[in-house]
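Below is one structure; the comments refer to it alone.
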Amino acid sequence: MPAQTDDLARSQAQRRVLTVLVAAQILSGAGLAAGVTVGALLAQDMLGSTGLAGLLSALSTAGSALAAIAVGRVSQARGRRPGLAAGYLAGAIGSAGVIAAAVAGNAVLLFVAMFVYGAGAATNLLARYAGADLAAPEYRARAVSTVLVATTLGGVAGPNLAAPAGDLAHALGIPRLAGLFLVSGAAYATAALVLAVWLRPDPLLLARALETERAAGPLAPAAGRRRSGVLVGALVMMLTQLVMVAIMTMTPVHMHDHGHGAAASGLVIAIHIGAMYLPAPLSGWLVDRFGRLTVATAAALVLLASGILAATAPGGSTAAFAVALALLGVGWSLGLVSGTAIITDAVPPATRARTQGVVDVSIAIAGATGGLASGLIVSAAGYPLLAAGGGIAALAIVPTVVAATRKR
């Protein structure tokens, strides 16, 4: 009876938690889209340099790394609700800073603001762990995917608001390219409010209370197995993030150089973000059905196909870039969901948030590396080499999976 009572409490709380997280993720998806769609273009416009446009993306992802540590520590000490709400609030502050930098024409302020803005992206990803806190192991990947797919609505709508947001910004005396950051600031602030008010009970604190004995019991994974699982999951997500950020960051710039306008690049990025999050339920089902390591391997192959297609796409073809970035999004989805499930399986609730925060720091650093390298590679050798090289780099996931399979 006590076990049945615990299961009922867990199930009821999980439904409420997922409902609140879905609402917050829809909002944060719109906030996330601003930096992806116009961040590099804004930097290129203000600085007159493609290489420094990649630096802006690197600073944003570096900010994500710091935010992942902070949100992880707050969540570990006080629960998911204050940690996630604080992260989204920081994203809103960063959005306001970008607008101020664009108005003032201040590049230093732009860099600082984008660093702070990165907290929103980090929090958007960390929220997926909250969806898995109360989920049964056999449904864990699907719970993660439910949170991820909610980002689709905001993520797809956000880039397509570029034109009206630009008009609004112009009317307010703000540069058009900064218009999406008006949307971003409002979206992140509202997401923070939703979580602060309605994410009750706190999923991590409840999971910790319900599973203390189970985590300490004979069914708990051994320390060596936990360390191995964390390492494998982290490597899968790091490689996935590095390749995705590198190709995604420079695609709008490459399209702009071939005569495409903001509407075309915004459409391609919207398709990309949709492909990152919309297939998440399928990714979750595949992970739960066929296993974490099998799907991680599939992620590497999809990313390779994306890189090759992007590298060979005709410069004037919006459709070719749309397909390439759609594949890039699908590969990212498969890698992130499988890696997240590996991490969550390996770490007990008692130390879960702190470990997940550290793992997401490594993911953010990988993204920062991809963002920084992307501009430099394109400046030195061109976009096709960046795209093809990124796809080939994704294959490094395969030996990681092979080694993990042999160890098991």
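The values are calculated or read from the model by the stated rules, or taken from the named source; none is laboratory data. Being a predicted model, the structure only gives us computed values, none of them experimental. In this analysis, Cβ positions are derived from the backbone assuming ideal geometry, glycine residues included, and neighbour counts consider all displayed protein chains.
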- prompt: Mind checking whether some residue in segment 356-368 is among the acidic types (Asp, Glu) and farther than 17 Å from residue 63 by Cβ?
  reply: no
field: Wholly enclosed helices (runs of 4 or more DSSP H) of segment 47-157 bearing at least 1 residues touching a helix residue (DSSP H, G or I) at 6+ places or on another chain (Cβ under 7 Å), at pLDDT below 90 and hydroxyl-bearing (Ser, Thr, Tyr)
entry: 50-78, 140-157
- line: Apart from one, (1) touching a helix residue (DSSP H, G or I) at 6+ places or on another chain (Cβ under 7 Å); (2) surrounded by fewer than 20 Cβ atoms within 10 Å (Cβ to Cβ) all hold for residue 167; the odd one out is (1)
- prompt: When only residues in segment 1-21 that are more than 14 Å from residue 188 (Cα to Cα) and modelled with pLDDT of 85 or more count, which is surrounded by the fewest Cβ atoms within 10 Å (Cβ to Cβ)?
  reply: 15
- request: Starting from segment 276-289, take each residue that is within 8 Å of residue 142 (Cα to Cα) and list its partners that are acidic (Asp, Glu) and at pLDDT below 95, counting only C-beta distances under 9 angstrom and pairs at least six apart or across chains.
  value: 288/138
message: Taking the criterion of being more than 29 Å from residue 345 (Cβ to Cβ) and hydroxyl-bearing (Ser, Thr, Tyr), would at least one residue in segment 67-90 satisfy it?
response: no
task: With respect to residue 405, determine if the residue is surrounded by 18 or more Cβ atoms within 10 Å (Cβ to Cβ) and either in a helix (DSSP H, G or I) or of a type in the set (A, V, I, L, M) (or both).
output: no
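Conditions (1) of a type in the set (S, T, N, Q); (2) under 21 Å from the mean Cα position of the chain (by Cα), marked per residue:
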position	(1), (2)
330	no, yes
333	yes, yes
373	no, yes
379	yes, no
